[in-house]
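One structure is given below, encoded as structure tokens.
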Amino acid sequence: MAKQLVLMKGNQAIAEAAIRCGCDGYFGYPITPQSEVLEHLMAERPYLTTGMVVLQAESELASINMVYAGAAAGKRVMTSSSSPGFSLMQEGLSYIAGAELPALCVNVVRGGPGLGTIQPSQSDYFQTTKGGGHGDYRLITLAPASVQEMYDFVELGFDLAFKYRNPVAILSDGVIGQVMEKVMVDDYKPRWTNEYIEQNCPWAATGHRSTGKHRIVTSLELEALKQEAINDRIQAKYRKCEEEDARYEAIQCDDAEYIFVAYGSAARICMKSVELARAEGIKVGLIRPITLWPFPTKAVAEIGGRMKKILSVEMNAGQMIEDVKLAVGCKIPVEHYGRYGGVIPTPVEILDALKKMIK
Amino acid sequence: MTEEIIIAGFGGQGVLSMGKILAYAGIMQDKEVSWLPSYGPEMRGGTSNVTVILSDERICSPYLNQFDTAIILNQQSMDKFEAAVKPGGLLIYDPNGISHHPTRKDINIYQVAATDKASELGIAKLFNMIVLGGFLKVKPLVTPEMLHKGLEKSLPERHHHLIPKNEEAVEIGKGLLKPYHTI
């Protein structure tokens, strides 16, 4: 079977992409609004076809530590959750980053803080991009704005995770998780063989079949100078990632006098606001960061630097705005507009916020 | 062409599946589509709604507060969405259980008495397809052929023998449509 066009929810696209891109294992625990990830995997039963393991763990802590173990063996493994569950995974993510292992984790964000609400939100931006766990680490963070990107970013996420041997997050939200759109799905790719892992992942604990040498995976190093050297190595990877893998989309920015900066579902809503504003003669564009870490600082600086004002639109109290301000060096006025606690801003209300800013 | 639609009623009326069938039919007709349900506490025993967008272009926001068409199936949804129809837009509703009829003068309003008809014919489960027929009569966005393909895609195979009955219900809905107020 070649490429195929299907209609599915964002959450289902995550699951379908995992199966088709040759993921080895999914470990997760249900939570609204992302339960369809596990549901779809259980319905498709890939363990009977590709051999991918699907396991409902007893908790989020168990899930992330199963991911840690799978990753240590060089397997392409993943988990998914929503905000309160994702908070529980932070210790594990820090360990995975510290042990320099590749892994994919999906957060379909809901309103917080605390148990919060089950409605969509973007209030986990700080947690995901600034490090929710301890230590000097980063999560490479992809922010899909469509069901197609939910699909595409699973394989991309695994590629980046293995390129940098670092955990990658897909930071989505209830809108993109629940909406159904057209998706072009790929043909099934085979999972990596043990021989392939043996040859290509010299760090992986595969049972030392060929070399006989012990491969120890740990995030513990008691000698400070050695731990500093590990940190140097990790930071060097992050600088390389900032250089090579910051992604964004610029929409109608060429003639714009103002821009929105928004990601994920907020960016989709802003696209409509751009349409409405331009119908009224307001020259506004949109920068949509696709990677939230590394933040597309250069693009925002360059495009944003030409604007009269910038409006950072987020479904939170103002988190990404800090990165926008840093990018433009505070030379251009940057304001925030947001709704939170599960409320989704409408295209018209964002347009009104833009007009208020311009006045 | 871009058509932005809200379908709203009680959970269990087939609001979400009506939207899904419309979305699938749209895909068959090479349109871009988006289907966004209300989810969570709203759905449990209460109101349920879905935003469906069909377009020839890339769809911007799946979440909207103004619609070209509102298909309304209970009073709560009427209270919430009558004002959300764009001027010049379309409102279709089932008068069953509606105590406050719509009062807008700047939109086209039609009735489809689908609840009564469905119970008269003993086809309560096809209620939503009767409503869909009413809508397609006013706005033939998808052809009957594409609707057929859409039904094939959205219904599991074990239900495919029911497709002709669904199509009949759509035709019944087309005949049932009654103007309430037109501009």
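The values are calculated or read from the model by the stated rules, or taken from the named source; none is laboratory data. Keep in mind that what you see is a predicted model, and the values were worked out from it rather than measured. Cβ sites come from the backbone with ideal geometry, for glycine too, and all protein chains shown count toward neighbours.
Odds and ends about this structure:
- For residue A:221, the test of being surrounded by fewer than 24 Cβ atoms within 10 Å (Cβ to Cβ), closer than 28 Å to residue A:126 by Cα and assigned by TED's automatic domain parsing to the domain that holds residue A:31 is failed.
- In the set A:54, A:37, A:67, only one residue is buried (at least 24 other Cβ atoms within 10 Å of the Cβ), of a type in the set (Val, Ile, Thr), more than 24 Å from residue A:182 (Cβ to Cβ) and in contact (Cβ under 8 Å) with a residue 24 or more places away in the chain; that residue is A:67.
- Some residue of region A:199-211 being of a type in the set (Val, Ile, Thr) and either within 30 Å of residue B:27 (Cα to Cα) or part of a loop (DSSP other than H, G, I, E, B) (or both): yes
- Pairing residues of region B:150-168 that are more than 14 Å from chain A (Cβ to nearest Cβ) with residues that are of a type in the set (Asp, Glu), at Cβ distances under 8 Å and at least 6 apart in sequence or on separate chains, gives B:160/B:152; B:163/B:152.
- Scanning region A:1-29 for residues that are in contact with a helix residue (DSSP H, G or I) (Cβ under 6 Å, 6 or more places away or on another chain) and away from chain B (no Cβ under 14 Å) returns A:14, A:15, A:17, A:18, A:19, A:21, A:25, A:26, A:27, A:28, A:29.
- Residue in region A:181-195 that is out of contact with any Asp or Glu (no Cβ under 7 Å at 6 or more places or on another chain), within 14 Å of another protein chain (Cβ to nearest Cβ) and either closer than 23 Å to residue A:97 by Cβ or surrounded by fewer than 13 Cβ atoms within 10 Å (Cβ to Cβ) (or both) present: yes
- Filter result for residue A:148 (touching a residue at least 24 places away in the same chain (Cβ under 8 Å), within 14 Å of chain B (Cβ to nearest Cβ), of a type outside the set (Asp, Glu) and not in a loop (DSSP other than H, G, I, E, B)): yes
- Number of residues in region A:100-139 that are closer than 21 Å to residue A:240 by Cα, surrounded by 24 or more Cβ atoms within 10 Å (Cβ to Cβ) and not polar (S, T, N, Q): the value is 5.
- Single match in A:100, A:91 (criterion: part of a loop (DSSP other than H, G, I, E, B) and either over 18 Å from the mean Cα position of the chain (by Cα) or within 26 Å of residue A:202 (Cα to Cα) (or both)): A:100
- Filter result for residue B:117 (among the charged types (D, E, K, R), within 14 Å of another protein chain (Cβ to nearest Cβ) and farther than 27 Å from residue A:173 by Cα): no
- Within the option set B:80, B:125, being touching a residue at least 60 places away in the same chain (Cβ under 8 Å), surrounded by fewer than 17 Cβ atoms within 10 Å (Cβ to Cβ), outside any strand (DSSP E or B) and away from every other protein chain (no Cβ under 14 Å) holds for one residue only, B:125.
- Residue A:268 outside any helix (DSSP H, G or I), of a type outside the set (A, V, I, L, M), within 14 Å of another protein chain (Cβ to nearest Cβ) and buried (at least 21 other Cβ atoms within 10 Å of the Cβ): no
- For region A:334-356, the candidate set comprises residues that are without any contact (Cβ under 8 Å) to a residue 40 or more places away in the chain, closer than 26 Å to residue A:116 by Cα and within 13 Å of chain B (Cβ to nearest Cβ); within that set, the residue that is surrounded by the most Cβ atoms within 10 Å (Cβ to Cβ) is A:339.
- When region B:13-36 is filtered for residues that are within 13 Å of the chain's Cα centre (by Cα) and at positive phi, only B:14 remains.
- Residues of region A:118-142 that are under 20 Å from residue A:337 (Cβ atoms) and within 14 Å of chain B (Cβ to nearest Cβ): A:119, A:120, A:121, A:122.
- Annotation note: of B:98, B:71, the sole residue that is within 16 Å of residue B:47 (Cβ to Cβ), in a loop (DSSP other than H, G, I, E, B) and among the β-branched types (Val, Ile, Thr) is B:98.
- Restricting B:63, B:24 to those that are touching a Ser or Thr at 6+ places or on another chain (Cβ under 6 Å) and within 9 Å of another protein chain (Cβ to nearest Cβ) reduces the list to B:24.
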